[in-house]
Amino acid sequence: MLTSRVPAHGRERGATRGDSLSLITNILINLAAFALLAVGGGLGSAWYMIEAGSRLSTRSSGPWMTWSAAGRPDADPYTRAHTVRNALLPLASTLEITYQAKADSRGGRLQAGCEYAIVMEGLDGGTWWSLAAFDGQGGLIHNTAERYAFSSDSVMREPDGRAIITLARDARPGNWLPIGGSKVNLVLTVQDAAWAAAVHEGGAKALPPIQRLACR
Amino acid sequence: MPTLPKWLSEVGWRTVIGALLLGGIIHITATLAVPLVSSGPAFTKLRDTLPANRMVVLPPLAPGKQPLPYLPPDALYAMCRYDISVDSLTVTAAMAHAGWTLSLHTPQGDNFYVMPAQESRRGDISLTVVPSAERLGEFATTPRRVSAQETLVASPSWEGLVVVRAPLKGLAWRAEAETALRRATCTPVKRQ
């Protein structure tokens, strides 16, 4: 055989070179995996917890989500980072709870091309609330009616006390809240200390569903 | 059953454990560092537009004219950027209707004091903002009433924001709300 004619010291040199190459490859793979897991995992998980939130720092009710310790000086680090990173100025959640919805009650992303209905009920009895529509970056949506929100003071009510708010690009009768652009974020602010206390203690509060009526 | 790539079998368990530990440290460090290094807190955005220790009534919010994202748009706002490194600050405001609030925030957005208007508590309110005990190195200064109309509030930071929010019932109430907001003041007073 050809290999049998190769001197012994030559075979050893070849084997050593192969082992070295294998060792270097192994080290490089481990270094890459280490960096990916440590840096990617560490920063990625931090970004997710600060931007999207988790059960540690948020409470959800249907499509509505709130940072339960927002504005409080004793808020958890994720909530504080979320507030600072997004340039928010929330009132302490001991008084006022701010909910945000990016999807309707069936889970579809809120879009300006669709029409939605929200029936506000069960939020009265001294509770002040406000429902506003924003674009994906928290900016107001331009509309000729110059209408950007309804509150418990400004909304028109049905004879039974409910208030039906319709979100659509084009004018609708009643409480029409114009939407536009592409993505829509809804913000529901509820000012009620008893409500806020219940949310902070983990109590579930029923919030109005967001019903998708039609899409273009 | 899907097979793992061959190179993955080269990754040792020590590497995984080490990476998870370092990843945890990076996660905690990044989370805690965001409030310290972020360039976009509300206070930074408002610093250039608000003079120190003076109440400013902001124009009604409109698309492209929002001082901050996600501010409730059906309200008028008066804001005062305070700096109590030299003098304390007296704040007065009218709490005209339900939903009106007077709030104090640190540069990081912490709302350390808020006074809402209530059915049983309307009219002018007055408070004095002083540095907290940690800032002055003195005995603890907790929020307390110094008279029937005035409250002493300890600020955990030298700088911060006073925000008076006046929800609008409708266009017809805008002038009335604006008049009430313009009565809000933010005045430095010599520290005793």
* To do: Report the one residue of B:Tyr113, A:Cys215, B:Thr179 whose Cα lies farthest in the direction of the positive end of the charge dipole of the protein assembly as shown (charges on C-beta: Lys and Arg +1, Asp and Glu -1; origin at the Cα centre).
  => A:Cys215
* **Scaled radius of gyration (Cα, divided by 2.2 N^0.38 Å) that chain B gives** => 1.43
* Could you tell me which of rounded, prolate or oblate describes the range B:48-130, using a ≥ b ≥ c as the square roots of the eigenvalues of the alpha-carbon gyration tensor, with rounded for a/c under 1.5 and, failing that, prolate when a/b is larger than b/c and oblate otherwise? => oblate
* Structure fact -> Each label sits 7 Å from Cα toward the beta-carbon; between B:Lys190 and B:Lys169 the label points are separated, in nm, by 4.4 nm
* Which distance in Å, rounded to a whole number, links the C-alpha centroids of the range B:3-53 and the range A:72-116? -> 21 Å
* Asked: Residue-wise, which Karplus ³J(HN,Hα) couplings in Hz belong to the range B:15-28, taking 6.51 cos²θ - 1.76 cosθ + 1.60, θ = phi - 60°, and x for glycine or proline?
  -> 4, 5, 4, x, 5, 5, 5, 5, x, x, 5, 5, 4, 5
* Asked: Using a 1.4 Å probe on the protein chains only, how many percent of the accessible area of chain A belongs to carbon and sulfur?
  -> 57 percent
* So what is the accessible area of chain A per residue, in Å², with the probe set to 1.4 Å? -> 51 Å²
* Express the relative contact order of the range A:119-216 as a whole percentage, based on alpha carbon pairs under 8 Å and six or more residues apart in sequence. => 34 percent
* Residue-normalised accessible area of the range B:11-60, expressed per residue, 1.4 Å probe, Å² -> 59 Å²
* To do: For the range B:164-178, list whatever residues lose no less than 30 Å² of accessible surface once every protein chain is in place, relative to that chain by itself, with the probe at 1.4 Å.
  => B:Arg165, B:Pro167, B:Lys169
* Structure fact -> For A:Leu177, other-chain or 5+-apart residues with amide H closer than 5 Å (H placed, Pro excluded) are A:Thr166, A:Leu167, A:Ala168
* **Inter-chain shielding of A:92-101 (mean C-beta neighbours from other protein chains, 10 Å cut-off)** => 3
* Alpha carbon convex hull of the range A:140-185, volume per residue in cubic angstrom -> 82 Å³
* Taking N as its residue count, the alpha carbon Rg of the protein assembly as shown over 2.2 N^0.38 Å -> 1.29
* Structure fact -> Volume per residue (Å³) of the convex hull spanned by the alpha carbons of chain A is 214 Å³
* Burial of 50 Å² or greater, the range B:50-90 residues [accessible area, probe 1.4 Å, versus chain by itself] -> B:Pro63, B:Gln66, B:Pro69, B:Tyr70, B:Pro73, B:Asp74
* Structure fact -> Dividing the mean separation of Cα pairs under 8 Å (6+ apart) by the residue count of chain A yields a relative contact order in percent of 24 percent
* Return one number: the angle in degrees, 0 to 90 and rounded to the nearest 10, between the long axis of the Cα atoms of helix A:8-35 and the longest principal axis of the Cα atoms of chain A. => 10 degrees
* Work out from phi, with θ = phi - 60° and the Karplus expression 6.51 cos²θ - 1.76 cosθ + 1.60, the ³J(HN,Hα) of each residue of the range A:190-197, listed in order in whole Hz, and give x for Gly and Pro. => 10, 9, 6, 4, 5, 4, 4, 5
* Quote the total accessible area buried by chains B and A together, excluding ligands, DNA and RNA, probe 1.4 Å, nearest 100 Å². => 4300 Å²
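The values are calculated or read from the model by the stated rules, or taken from the named source; none is laboratory data. A quick note: this is a predicted structure, and the numbers were derived from the prediction, not measured. Using ideal geometry, Cβ is built from the backbone for each residue, glycine included, and neighbour counts are taken over all protein chains shown. The area values use the complete protein model at the heavy-atom level, side chains included, leaving out ligands, DNA and RNA. Shrake-Rupley method; radii C 1.70, N 1.55, O 1.52, S 1.80 Å.
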